Amino acid sequence: MLRSLYSGISGMKNFQTKLDVIGNNIANVNTYGFKKSRVTFADLVNQQISGASAATQTSAGTNPQQIGLGSKISSIDTIHTSGSTQTTSRTLDVALAGDGFLPVATLTDLSKINIDQGNQIGNNLIIGAIDGAVDMNYTRAGNLYLDDRGYLVSAEGMYVIGEAGEKTVPSTPAIQKSQDALNAINNFSTPYSNMTTSLEDLSKQANDLLNAYQEYSDAYSNYTKNETGTGGPLYNAMVSANGALNTIIAQYTNAQTNFNTVATAFNTNVGNLNGGVTTFNGAQPVGTIVKEFNTTIAQLTGTYTAPGANNPVPDATLTNLNDTIADLNNYMIDLEKIGQSVVNFEEVASSLQDPTFTNKLSGEAGLIQIPLNAQSFSIGPDGTVTFVNENGELNLAGQIRVAMFTNSGGLEKIGGNLFKQTANSGSIDKDNNGIQLEELTVAGKDGAASIIAGALEMSNVDLSEEFTEMIVAQRGFQSNTKIITTSDEILQELMGLKR
């Protein structure tokens, strides 16, 4: 058989590989952060026909005679040139302007990282070496997201690794104190609801009573001015109004009795809650809230009767009733103030169970978390993630760091826009004691890429280049097929010598 047959086969295989790489590049032309690849070839092996000879006094030297036996893949390189930046105006999109990668990871040892889990609140710090707690990966795709607990994660659900913000986790005594206060508020809810219902009912009855007095007074006045004696229509109307007044008085009296009972229990509960607030604030001041509940809600002692038919309503009765109605209106205002004070107290008491951030970084490696109640957040060029908390204060959630490699071309693609460190990429861990925070570079410093928020890095695939390389690969493949067909024709001629 001819050597050229096998040379052609090796060339076809290599150009097929080149087309595979080109196809993958084109398939990822719109993949954020994607880095294209290229194929380089090398000759496979050479068969020695004769060796080289040195020159003598009578003749010149001769060169070696070798026949090549095909080609092989020399390398498949990842080209880490920067792609164009696409503006998205999405706060959580970031592009790296320069060298480096975003470090992202899955958690491998929960005992070495204090993360929020269930009802347990963590400070987001990694204990010891970073790679001892997580499985590190690296990406240029900056389309980031927040998970259900506010952690900054990649599209693949991996946590972004950087410097954690200074997060204070509530202590057990603080949580217990908060819960005691909330329990006191829960115990107060029923007396408050009863007081509200009773007060509304009594206010209605008082106004109905005032109207009934007025209707009787009008009927009495109409009778005395326009009719004498008994049995007439005006007289009967006056008697009917007096009977209705007696019914309303009975209803009001029952409502007042119930009100007095409820008011007594309510004032007792207000006193208990007031003592709880004083204890709560005295043990640990938590800001300006109402420190005592003042109430003028008291029992009502006034009684009302209906004048006998054909008797006027005493002015003192109407004056007292109007005063009672005014008192009830004031009670309603006091009750609303107490309700708002309880709401304020509940907010402060609840806050003791919530973690707090400051405007400082922790100085430790960890996860980056934005509280779910943050009003807004942003990412700076140096990777600092800031947010405005529910009180309008500016806090730091953490800082995204950049991973730098001596030989980024040595990184291994593992899918999902992710790279993995290899033996030839160089290690982030310079002193072999595990990856430490200081071995991840601050964005924009020491040659590391700066971060552009609201933008994404596009693929660095150039379609015009890929199509040109596709033509080259196609023609190369076709040329190698011609080698095989031509070699076959020669063999056919040899076969034809014997006929």
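Readers should treat all values here as calculations from the given coordinates under stated rules, not as data from a laboratory. As the structure is a prediction and not an experimental result, all values here were calculated from the model. Note that we place each Cβ from the backbone using ideal geometry, even for glycine, and neighbour counts take in every protein chain shown.
Bridging of K167 to aspartates and glutamates at a Cα separation below 17 Å is possible for D116, D354, E364, E390, E393, once same-chain residues fewer than 8 apart are set aside. Which pairs, out of K18/K72; K36/K413; K35/K445; K13/K72; K13/K482, put more than 18 Å between their alpha-carbon atoms? Over 18 Å apart, Cα to Cα: K35/K445. The label-point distance for N187 and I9, in a model that sets each label 7 Å from Cα toward Cβ, rounds to 9.0 nm. The slack in the chain from Q176 to A298, taken as 0.36 nm per residue of separation less the alpha-carbon distance, amounts to 40.5 nm.
Since only N187, A326, N242 are under comparison, the one whose Cα sits farthest along the positive direction of the charge dipole of segment 172-351, derived from C-beta charges on Lys, Arg, Asp and Glu, is N187. From the alpha carbon centroid of segment 110-132 to that of segment 337-373 is 20 Å. Spin-label model, L318/N30: points 7 Å from Cα along the beta carbon direction are separated by 8.3 nm.
Just add up the charged neighbours of H80: K/R +1, D/E -1, any other residue whose Cβ is under 9 Å from the Cβ of H80. Show your work: numbers first, answer last.
On the way: positive: K35, R140; negative: D99.
Residues near H80 contribute +1 overall.
Packing-wise, with mean Cβ within 10 Å as the measure, how do 427-433, 353-359, 160-166 rank, highest first?
Working: 427-433: 12.4, 353-359: 15.7, 160-166: 26.0.
For the peptides 427-433, 353-359, 160-166, the packing ranking is 160-166, 353-359, 427-433.
What is the sum of charges around L321, taking Lys and Arg as +1, Asp and Glu as -1, for the other residues whose C-beta is under 12 Å from the C-beta of L321?
That sum, taken over residues with Cβ under 12 Å, equals -4.
If you stretched the chain out fully between V343 and T224, how much longer would it get, using 0.36 nm times the residue separation minus the C-alpha to C-alpha distance? Provide the component values of the computation, followed by the final result.
Details: separation 119, 0.36 × 119 = 42.84 nm, distance 5.57 nm.
Answer, rounded to one decimal: 37.3 nm.
Set against the 2.2 N^0.38 Å expectation for a compact globular protein, segment 293-345 has a Cα radius of gyration ratio of 1.64. About its Cα centre, the chain has a charge dipole of approximately 2320 debye under the convention of +1 per Lys or Arg Cβ and -1 per Asp or Glu Cβ, with nothing else charged. The candidate values were (1) 70, 51, 38; (2) 166, 57, 35; (3) 125, 52, 43; the one computed from these coordinates for Cα extents along the principal axes in Å carries the label (2). Dipole check for segment 138-258: with +1 at the C-beta of Lys and Arg, -1 at the C-beta of Asp and Glu, and the Cα centre as origin, the magnitude is about 120 Debye. Relative to the longest principal axis of the chain, what angle (0 to 90°, nearest 10) does the C-alpha long axis of helix 463-495 take? Once rounded, the angle reads 40 degrees.
When you count the other C-beta atoms within 10 angstrom of each residue and take the mean per peptide, 91-102, 185-196 line up highest first as 91-102, 185-196.
If R0 is 41 Å, what FRET efficiency do you get for A423 and L494 from their C-beta distance, rounded to 0.05? Could you put the intermediate results ahead of the total?
Values: r = 50 Å, r/R0 = 1.23.
Once the sixth-power term is evaluated, E becomes 0.25.
Here the spin labels are modelled as points 7 Å beyond Cα on the Cα-Cβ line, and at S53 and N329 they lie 13.0 nm apart. Once backbone amide H atoms are built at 1.01 Å from N, S450 has A97, G444 as its partners under 5 Å, excluding neighbours fewer than 5 places away on the same chain.
Between Q16 and N432, take the C-beta separation as r, use R0 = 45 Å, and let me know the FRET efficiency to the nearest 0.05.
0.60
Helix 172-226 and the long axis of the chain differ in direction by around 40°, with both axes built from C-alpha atoms. Relative to the longest principal axis of the Cα atoms of the chain, the long axis of helix 315-351 makes an angle of roughly 20 degrees.
Evaluate the relative contact order of segment 341-499 (contact order divided by residue number), counting alpha-carbon pairs under 8 angstrom at least 6 apart; express in whole percent. Show your work: numbers first, answer last.
On the way: 167 pairs, mean separation 25.8, N = 159.
Value for segment 341-499: 16 percent.
Can you give the FRET efficiency to the nearest 0.05 for L107 and S75, using r as the Cβ-Cβ distance and R₀ = 51 Å? Numbers along the way, then the final one.
Values: r = 35 Å, r/R0 = 0.69.
The calculated FRET efficiency here is 0.90.
Would you mind working out the magnitude of the charge dipole of segment 172-351 relative to its Cα centre, with +1 at each Lys and Arg C-beta and -1 at each Asp and Glu C-beta, to the nearest 20 Debye? Please list the in-between numbers first.
Details: 5 positive and 15 negative charges, 54 e Å.
Rounded to the nearest 20 debye, it is 260 debye.
Based on Cα atoms of segment 172-351, Rg over Rh with Rh as the Kirkwood radius reads 1.22.
The alpha carbons of segment 80-187 stretch over 64, 34, 22 Å along the principal axes, in descending order.
When the helices in the chain are scored as -39500 (n - 2.57) per DSSP H run of 4 or longer and the sum is shared across all residues, what 222 nm value do you end up with, to the nearest 500 deg cm²/dmol?
On the way: 5 runs with 201 residues, N = 499.
Per the formula, -15000 deg cm²/dmol.
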